[in-house]
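Below: one structure, written as structure tokens.
Taken together, the values in this text are just the output of simple stated rules run on the coordinates, not laboratory data. In this text the structure is predicted, and so the values were computed from the model without any measurement. Positions of Cβ are generated from backbone atoms using ideal geometry, with glycine treated the same way; all protein chains shown enter the neighbour counts.
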Amino acid sequence: MFIISLTYKVEIAKIEEYMDAHKAYLQAQYDAGHFIASGRKVPRTGGIILARSESLETLEPILAADPFHLHKLADYEITEFMPTMVSDDFRSLLGV
């Protein structure tokens, strides 16, 4: 599993120009089973995506298709982690 932390590099007005395209991209990744959760940071300086992927190498091309990446609107910090404990609501994340 991966945590992707996006940090905006441009003003919010520029982010808003690409928000519909970004949401369509997110939905496509949910439909493909790649993304688990996503949302804005508070304060609104970027966003967070929780993703499933076999490896960083398979995740990177998925993230490269994000309109925020394509238009150089955000920096991406990727952290891989393996959940070992979760609440009952998230048991499927353990892969059992």
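Per the Debye formula with a single identical scatterer at each Cα and no solvent contribution, what log10 I(q)/I(0) holds for the chain at q = 0.15, 0.19 Å⁻¹?
Each listed q corresponds, in turn, to -0.60, -0.92.
Can you list the residues, at least 5 places off or on another chain, whose amide H is less than 5 Å from the amide H of Lys41, using H built in the peptide plane?
Gly46, Gly47, Ile48
Tell me which residues come under 5 Å, amide H to amide H, from Phe35 once H is placed; ignore anything under 5 positions away on its chain.
Tyr30, Arg52
Once you place label points 7 Å from the Cα toward the Cβ at Asp88 and Glu57, how far apart are they in nm?
It works out to 4.1 nm between the two label points.
Rounded to the nearest 500, what is the 222 nm mean residue ellipticity of the chain from helices alone, with -39500 (n - 2.57) per DSSP H run of 4+ residues and division by all residues? Could you put the intermediate results ahead of the total?
Details: 4 runs with 32 residues, N = 96.
After summing the helix terms and dividing by the residues of the chain, the value is -9000 deg cm²/dmol.
Highest mean first, what order results for 14-23, 38-47 on Cβ atoms within 10 Å? Provide the component values of the computation, followed by the final result.
On the way: 14-23: 14.5, 38-47: 12.5.
The most tightly packed comes first, giving 14-23, 38-47.
Using θ = phi - 60° and the Karplus curve 6.51 cos²θ - 1.76 cosθ + 1.60, what whole-Hz ³J(HN,Hα) does each residue of region 9-18 get, with Gly and Pro shown as x?
10, 10, 5, 4, 4, 5, 4, 4, 4, 10
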